[in-house]
1. From the list 208, 201, exactly one residue is farther than 24 Å from residue 124 by Cα and either open to solvent by 30 Å² or more (accessible area, probe 1.4 Å) or more than 13 Å from the ligand (Cβ to nearest atom) (or both). Which is it?
2. Checking the conditions here, which among 561, 565 is touching a Gly at 6+ places or on another chain (Cβ under 7 Å), of a type in the set (Gly, Ala, Ser) and without any contact (Cβ under 8 Å) to a residue 40 or more places away in the chain?
3. Check region 457-464 and report whether any residue there is farther than 30 Å from residue 249 by Cα and among the hydrophobic types (A, V, I, L, M, F, W, C).
4. For region 507-546, give me each residue that is among the acidic types (Asp, Glu) and not in a helix (DSSP H, G or I).
5. Could you check region 302-390 for strands (runs of 3 or more DSSP E) lying wholly inside it with 2 or more residues that are open to solvent by less than 40 Å² (accessible area, probe 1.4 Å) and touching a Phe, Trp or Tyr at 6+ places or on another chain (Cβ under 6 Å)?
6. Looking at region 355-382, which of its residues are touching a Lys or Arg at 6+ places or on another chain (Cβ under 6 Å) and in contact (Cβ under 8 Å) with a residue 24 or more places away in the chain?
7. Just for region 211-233: of the residues that are under 20 Å from the mean Cα position of the chain (by Cα) and aromatic (Phe, Trp, Tyr), which one is least open to solvent (accessible area, probe 1.4 Å)?
8. For region 71-87, name all the residues that are more than 9 Å from the ligand (Cβ to nearest atom) and surrounded by fewer than 20 Cβ atoms within 10 Å (Cβ to Cβ).
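The values are calculated or read from the model by the stated rules, or taken from the named source; none is laboratory data. In this text, all values refer to a predicted model and were calculated from it rather than measured experimentally. Cβ: placed from backbone, ideal geometry, glycine included. Neighbour counts: every protein chain shown. Ligands, DNA and RNA are excluded from the accessible area calculation, which covers all protein heavy atoms including side chains. Shrake-Rupley method; radii C 1.70, N 1.55, O 1.52, S 1.80 Å.
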Amino acid sequence: MASSTRGEDLEPLLEFLKTARGLDFTGYKRPSLQRRVEKRMQAVRADSYDVYRTYLESHPDEFVELFNTILINVTAFFRDPPVWDYLRREIVPQIVAEAEADSIRVWTTGCASGEETYSLAMCFAEALPESELGSRLKIYATDIDEDALAEARHGAYTDDQVEAVPTDLRERYLERLDQRWTVAGPLRRAVIFGRHDVVHDPPISRIDLLTSRNTLMYFTPDAQRRIIANFHFALQPGGYLLLGKAEMMLGRSPLFAPVELKHRVFRKALRTDDWSHVPRVRPASQAAAAEDGWSIRDAGFETGPVAQLIVDGDGNLSLANLQARTLFNLAYRDVGRPLKDLEVSFKPVELRSQIEKAYGERHAVALRDVEWTQSNGQGHVMDVQVAPLFGDGGAVVGVGISFIDMTRHKRLQEAVEHSKRDVEAAYAELQSTSEELETTNEELQSTNEELETTNEELQSSNEELETMNEELQSTNEELQTINDELNQRTDDLNQSSSFLESILSSLNDGVVVLDDELRVRAWNERARDLWGLLPQEVHGRHFMNLDIGLPVDRLRASLRGALAGDSPAAVVVEAKDRRGRAISCRVRIAPVSAGAEGASRGVILFMETSP
Ligand SMILES: C[S@@+](CC[C@H](N)C(=O)[O-])C[C@H]1O[C@@H](n2cnc3c(N)ncnc32)[C@H](O)[C@@H]1O
């Protein structure tokens, strides 16, 4: 089925979910989203997104199943214990101390069924005096999934679920009620649960600690950036942000400063325009240079690392230090010559107009990244600065020109940029791999939970089957006993039958036994000889309808009498045997006894012949 949706466009289905149910999944990463949707499609045997959409339209209950599958609610109390140890030890006490007497506002997004939220509440409860818990602590716990929120509000958990809660905390903050652990009242009252979509809804504000673990990794990088900017807005200055394992890289934004990377704790960073309050370093005082410093000053100028020229008010080169002379091939005799006559006036950059500008504006003119190739082929990148020099009266008496060689710096900068890009690409890849891994992990965990449930169901069905099996076995044994009894009775019956048959056949008279409806039940050998019909030909037939040589009509009255319980006198009738010979037949009829009321169960006829 997955292969049939490969290449198919998921977007129309996402648009449909948005308009039909107001849930917008367009900000979710496609691979995981696709896997989750396909899982549902498999369950309802839909082999394309279109078919699945039609199915959703005609089975509204499927929306719930789909949302439950997409919104993976895997969570636990104190999930990832080292983070909680760190939080309890370092961050929570700091927040409580910094808040002084103010209220403490915590926001936990993607709270699922509440375990993480109550873990946080326990950490704060441990750091606050009991009397202040209700009044100072507010934990806003939000999720997009109403079902999960309902569970969280209920705050009742099984033994397995609370296993990770340290015993002392469990005793203090959870209560045993109807086979479940319920969050105790004061702690429960500090938490406010609500539906909130981190992608689309505006953030809650003035937050001291914001946790968003294992929720952002489901979103596209674009959606993640928007959410992170919202988190920055939500936090107080210096507020803390706690992210999930796979979301570490998201905190590495200029908006946040890492506090403890191992546990993914960050702090809201000051923005560049907030730096005004940072104390600035005072400008260093000018050293009171000794006035005998001319020669020292000259030496300093001469040996300075930056190439420098001084041009006087007449446009003549007054000074050129060693660096400048070497770089621009100047000789001592060039000092004193008009600058315009020297190559340096237009190479590496046209200087005359810059000098005029410095004169005109009375402040330094800076040219950045001037590229220049020396006659020996060596390339340079320079920052050139033309600064006016002021005389005692404040008049501009010349300019100082500095050529700062930025070549190494530039190369380093390029190399750094390059490495930065590589690192960013690697970060992005790592981030996405780590998110994908964590997502898959959570999916696996959720599938595992489903499998465990299925396993438990199977186990219980198995137990039922085994019980049924035992019951069947016992019924089988009972049947076997009944069968044995029946066999025994059949044997008895067969014996009785053959005994009766042998009695009947040993009689010299023809014997016929009729039931209370005068149907033939027994017909002995002699009767067969007399009337020419086999027992199987007459068995069950009405005696009065038999076509035999005996005039049965003549016997009707006697038969009725016998059936009524009388013992009629024998009747002698003229008959014809099976060969058509005339015989005289004496028929005695006797009732077959039938119990209390005296009614007969049938009659027995004895037929005695004489030629
Ligand atoms: C894997 S759980 C994480 C639970 C908890 N934070 C933890 O780490 O144990 C992810 C939660 O994010 C929620 N979620 C998914 N999309 C969301 C959205 N757009 N806005 C808010 N919560 C969302 C899901 O409903 C689910 O409860």
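1. Answer to the selection: 201.
2. Selected residue: 565, the only one of 561, 565 that is touching a Gly at 6+ places or on another chain (Cβ under 7 Å), of a type in the set (Gly, Ala, Ser) and without any contact (Cβ under 8 Å) to a residue 40 or more places away in the chain.
3. Checking region 457-464: at least one residue is farther than 30 Å from residue 249 by Cα and among the hydrophobic types (A, V, I, L, M, F, W, C).
4. 509, 515, 516, 517
5. In region 302-390, the matching strands (runs of 3 or more DSSP E) lie at 379-390.
6. Correct list: 381 only.
7. 219
8. 81, 82, 85, 86
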